[in-house]
1. Any idea how far apart residue 322 and residue 550 come out in nm if each label point goes 7 Å out from Cα toward Cβ?
2. How many Å² of accessible area per residue for the stretch 58-190, probe 1.4 Å?
3. On full extension of the chain, what length is gained from residue 246 through residue 353, given 0.36 nm per residue of separation minus the C-alpha to C-alpha distance?
4. What's the FRET efficiency of residue 202 with residue 11 using the Cβ-Cβ distance as r and R₀ = 30 Å, to the nearest 0.05?
5. For the stretch 93-196, what % of the accessible area comes from carbon and sulfur atoms, probe 1.4 Å?
6. Residue separation times 0.36 nm, minus the C-alpha to C-alpha distance between residue 503 and residue 436: what's the value?
7. Where a Cα-Cα gap under 19 Å defines reach, which aspartates and glutamates qualify for residue 60, not counting those fewer than 8 residues away within the same chain?
8. Determine, at each q value in 0.05 (inverse angstroms), the log₁₀ of I(q)/I(0) that the Debye formula gives when each Cα of the chain is one equal point scatterer.
Amino acid sequence: MIFKNKIPLTSEERNIRKKERLLLILSGVMMGLSLPPFPFPFQLLMFVGLIPYFFVISKKEKLGDINRSSYLMLFVFCLITIYWVGSWQAKADTFLLISGALLLFVNPAILLIASTIYFFSKKVFRPSIVIYFFPFFWVTNEYLYMITEASFPWLTLGNGLSYFTSFIQIADIIGAQGLSFVVVLTNVLLYKFIVNLKKNKTSAITHLSIASLIFIMIIVYGNIRLNTFELSERKVKIGIIQPDLDPWEKWELGGIRELSDLYLSLSEKVIDENTALILWPETALPVYLLDGAYRTTLEEIYSFLIEKNVYLLTGLPDVIYHDMDDVPPDAKYSETGDYYYSTHNAIVLLSPHTNEVQRYGKMKLVPFGERAPFVDAIPFLGDFMRWGVGLSGWNIGREKTIFKIPLYDIHGRIDDTLKVNGLVCYESIYPDFVSEFVNNGAELIAVVTNDSWYGNSSGPYQHKEKSILRAVENRRSVIRSANGGISCVINPLGITEYETKMFTKEAFAAEVVLQNEKTFYTQNPLIFPVLSSLFSLWIFGINLLSRVKAKFKL
């Protein structure tokens with residue numbers, strides 16, 4: 001009955017709808033092609049990709065119309081960029097496939113926060129000026145998506161500019177989300193330039209000039225930084241291991257000795273008298289190596305470290321048993337053993353000089369993959385959302401560990417200490433989270449990951465490129481060990497000095513630059529997201545107040 005009374009569209013209205021859909025699809029395609037792995041100069045599309053979208057939503061008055069238009073554009077954007085999340089391989093777990101498919105439909109809906117705030121602002125301000133607020137709304141959307149348990153901020157625009165080396169140098173001041181703001185603002189200014197070409201040429205030229213000036217100033221700043229930034233003479237030699245193991249088979253029982261022998265043989269290739277640290281990837285050995293059940297394997301690893309006088313930083317599953325008087329609220333309980341414990345997707349530092357282990361438990365867990373969102377409030381979700389390779393149900397890490405590694409002089413005396421922070425996989429996409437470690441003293445950023453779940457798709461390439469922004473934001477080198485690729489070394493200017501190819505077994509050593517100074521962004525990472533969010537909240541408050549006044553005729 002609902003559709004019986006629906007007024008059919010005229011021929012002209014159908015043509016308009018068709019043109020609008022084509023514009024929205026064009027916007028989604030251009031935005032999708034502007035992100036890695038599409039090479040530069042495709043990234044320039046990001047600065048004009050939203051213009052067709054703005055032409056459509058500027059003519060819409062109803063929230064439903066604005067959000068339907070936005071959803072179509074964002075769905076095409078997501079389809080091109082994050083199609084890979086479900087893995088879509090023969091061995092892929094059913095739950096992973098379903099989650100990936102759902103994400104393609106859910107992610108665009110979450111990104112409608114910006115268009116919703118845009119609608120509210122149109123109710124308060126003149127339509128001609130509301131579009132200028134859109135950069136604030138977009139950054140607000142990016143930030144809100146980062147701070148929930150269900151966060152998946154993969155499409156933060158600033159993270160996608162990694163190939164545009166001269167442009168991203170300003171990230172040491174404004175960060176990736178500041179870059180997102182600039183990208184959307186440029187789109188707005190160029191949109192207004194086109195709109196005013198026929199109506200007001202002076203205004204059109206003004207908008208084009210401002211957009212050009214912002215773009216040129218950022219490029220000039222970037223080139224100055226690239227040519228004048230002094231890389232430290234302080235360096236450390238690090239060996240990085242990429243074992244290229246099948247991630248689906250690695251979790252099967254047995255074969256731990258064989259895995260350990262493989263890692264040690266690869267590590268042997270990168271060690272000389274100057275090597276201070278070896279880096280292995282995420283869950284390098286897929287067992288609780290430190291809980292006492294694998295003493296022989298652990299002793300072999302320690303023997304290797306002692307013989308070579310080298311430290312090992314590696315991803316490992318880790319279990320912590322809690323004293324009864326100090327039990328975290330999310331700890332698990334063993335009925336058979338009557339004890340509390342926590343399990344972590346962790347990084348541990350093993351030393352050749354002591355059995356004391358430095359630990360870090362992953363704090364940003366992949367929603368639905370490693371932990372069910374809101375499982376503390378809705379416990380049954382933890383049992384429902386569990387997939388077949390043993391990864392779901394990790395506890396959230398509690399401490400932002402800075403790994404401390406003594407460096408020795410030629411006489412065997414400690415004359416320096418290397419301070420490293422470890423990030424597990426997905427954590428490297430969070431700008432302000434990484435800056436907290438650098439503020440706590442980290443001189444080097446280490447990322448351990450396993451992107452082989454997604455085959456030779458866009459995912460592993462996008463993930464690697466996001467580390468470039470973390471390097472520039474904090475002016476720190478980034479070292480990356482990935483199970484099947486991409487492992488790499490990125491210097492503080494965001495330049496990749498060496499990287500492996502996907503699905504190759506490789507071990508390499510590199511002299512890595514260590515920096516100590518803190519950037520403006522490192523010390524002030526939330527300026528753009530917080531100011532944008534406050535502005536958006538103000539818009540929402542004004543709209544709410546005007547509705548209250550209208551209702552009660554105040």
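1. 5.0
2. Values: 4460 Å² over 133 residues.
Accessible area per residue, the stretch 58-190: 34 Å².
3. Values: separation 107, 0.36 × 107 = 38.52 nm, distance 3.29 nm.
Contour length minus the Cα-Cα distance gives 35.2 nm.
4. Values: r = 38 Å, r/R0 = 1.27.
Between residue 202 and residue 11 the formula returns 0.20.
5. 75
6. Numbers: separation 67, 0.36 × 67 = 24.12 nm, distance 3.24 nm.
Gain on stretching residue 503 to residue 436: 20.9 nm.
7. 12, 13, 20
8. The Cα Debye sum returns log10 ratios of -0.23.
The values are calculated or read from the model by the stated rules, or taken from the named source; none is laboratory data. For clarity, every value in this text was computed on a predicted model and none was experimentally measured. No Cβ is skipped: glycine too gets one built from the backbone with ideal geometry, and neighbour counts run over all protein chains shown. When the accessible area is computed, the model is the full protein with side chains, heavy atoms only, and any ligands, DNA or RNA have been set aside. Shrake-Rupley method; radii C 1.70, N 1.55, O 1.52, S 1.80 Å.
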